[in-house]
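Engineer: Quick one: the structure is below, questions incoming.
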Amino acid sequence: MIANKARITTRDLIMLAGVGVAAMWLLYQATLQAQYQWNWQAIPQYLLRLDEKSGRWVPGLILQGVLVTLRLSIWSTAIALFIGTVMGLFRISCSRYRQMIGTGYVEIIRNIPVLVWVFIFYYFIGDRLLPAIGISRSTFTDEGPLSGILRLLVAEPSQVSIFISGALALGVYEGAYITEITRAGIQSIDKGQWEASSGLGFTRIQQLRYVIFPQALRRVMPPLAGQFISTIKDSAIVSIISIQELTFQGMELMAATFLTFEVWITILAIYFVICLTCSLLVERFELHLKKESRPWQAN
């Protein structure tokens, strides 16, 4: 039996209109009670502004925060992928010792609030570990070629040490969830695949590399992409250690201009657009994987 395609009904439109009206009414009441004066004309200059010296358009405070958020999310996801892959392999290892390490890592991280973890990592690990290996706030303050690369790939030179601390904290935290995604993906492969590859004389490493992992990768890619979206949203928490990402810039801007509603509605819209775009890309990617896994169904 072929399932009917989902379609929008009159009832759906009525419900959507009702939710929209309720949201607008609540917003109107909030601004009415506060006697709030809207000033949307001030927001565009914090997205893009004209530099008087160079005569070029440059990112404003909000757009600068967006760029830092994206860099932070990408670096955190890269760290989380490395840690999650290693710990996921530990979780399914034949070694009891490695299983204990992988399980202990997951249980510790998943049962600590992310806010507490960021504080612990920053004050007790990042604030001590980075200076110990020669990375401090003054390390990258020169104006040489390295500073331009840092601005492009990481953050402002004076913010690099804090950025590294935040990226590591977020990467280690998100890595616990990627560990479980990796473990579940590998364990979802039929045992017959293990037995067949073992019968061909493959070692366990060869089994993982040539047989199991390529099949598991196809299954874990969609949840990994979803975890990247979650990392974008979770990156807002590192604003508490003064990383100048989107949420931090919003708080600074609100304190300076008192444009409370305008600033936070703009930031909400930016987060929504970024996450929705990533979600749509993930959806298209999942459809692409399904078509590749069932080529005989293609027209």
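All of the numbers you see were taken from the coordinates with simple rules; none came from a lab. The model shown is predicted, which means the values in this text are computed figures rather than measured ones. Cβ coordinates were reconstructed from backbone atoms using ideal geometry, including for glycine residues, and neighbour counts include every protein chain displayed.
Engineer: With a 10 Å cut-off between alpha carbons and a GNM built on the chain, which of 254, 100, 24 moves the most?
Structural biologist: The residue with the greatest mean-square fluctuation here is 24.
Engineer: Next up: Averaging the inverse of every distinct alpha carbon separation and then flipping it gives the Kirkwood radius. What is it for the chain, in angstrom units?
Structural biologist: 22.8 Å is the Kirkwood radius here.
Engineer: So, one more: Quick one: among 216, 80, 30, which has the greatest mean-square fluctuation in a GNM of the chain with alpha-carbon springs under 10 angstrom?
Structural biologist: 30
Engineer: Another one. Let me know the Kirkwood hydrodynamic radius for region 69-243, please, with Cα pairs as the basis and the value in Å to one decimal. Before the final figure, lay out each step's value.
Structural biologist: Values: mean 1/r = 0.0566 Å⁻¹.
One over the average 1/r among Cα pairs gives 17.7 Å for region 69-243.
Engineer: Something else: Quick one: among 248, 228, 202, which has the greatest mean-square fluctuation in a GNM of the chain with alpha-carbon springs under 10 angstrom?
Structural biologist: For the chain, modelled as a Gaussian network with Cα springs under 10 Å, the answer is 202.
Engineer: Under 29 Å between C-alpha atoms is the cut-off here; go through the chain and count lysine pairs that meet it, provided they're at least eight residues apart or on different chains.
Structural biologist: Going through the chain pair by pair, I get 5.
Engineer: If amide hydrogens are placed 1.01 Å from N in the peptide plane, which non-local residues have theirs closer than 5 Å to the one on residue 49?
Structural biologist: Amide H to amide H, under 5 Å and 5 or more residues apart or across chains, residue 49 pairs with 58, 60.
Engineer: Hey, if you put +1 on the Cβ of every Lys and Arg and -1 on every Asp and Glu Cβ in region 192-267, which of 263, 212, 196 ends up farthest toward the positive end of that dipole?
Structural biologist: Value: 196.
Engineer: Take the alpha carbon gyration tensor of region 208-299, find the square roots of its eigenvalues, order them as a ≥ b ≥ c, and report rounded if a/c is under 1.5; if not, report prolate when a/b exceeds b/c, else oblate.
Structural biologist: Oblate, since a/c reaches 1.5 and b/c is not below a/b.
Engineer: Separate question: For 173, 122, what's the fewest-to-most ordering of other Cβ within 10 Å of each Cβ?
Structural biologist: With the sparsest Cβ surroundings first, the list reads 122, 173.
Engineer: To the nearest 20 debye, what is the magnitude of the charge dipole of the chain about its Cα centre, counting +1 on the Cβ of each Lys and Arg and -1 on the Cβ of each Asp and Glu? Walk me through the intermediate numbers first.
Structural biologist: On the way: 25 positive and 19 negative charges, 233 e Å.
Roughly 1120 debye, rounded to the nearest 20.
Engineer: Separate question: So how far, in whole Å, is the C-alpha centre of region 198-243 from the one of region 36-92?
Structural biologist: Centre-to-centre (Cα) distance: 23 Å.
Engineer: Along Cα→Cβ, 7 Å out, is where each label goes; now give me the distance between the ones at residue 193 and residue 36 in nm to one decimal.
Structural biologist: Roughly 5.1 nm, to one decimal.
Engineer: Modelled label-to-label distance, residue 22 and residue 240, 7 Å Cα→beta-carbon offset: nm?
Structural biologist: About 3.1 nm, to one decimal.
Engineer: Sort out for me the Cα centre separation of region 254-290 from region 154-191, rounded to whole Å.
Structural biologist: Computed from Cα coordinates, the inter-centre distance equals 21 Å.
Engineer: Just going by the charge dipole of region 69-243, with Lys and Arg at +1 and Asp and Glu at -1 on Cβ, which of 85, 75, 116 is farthest out on the positive end?
Structural biologist: 85
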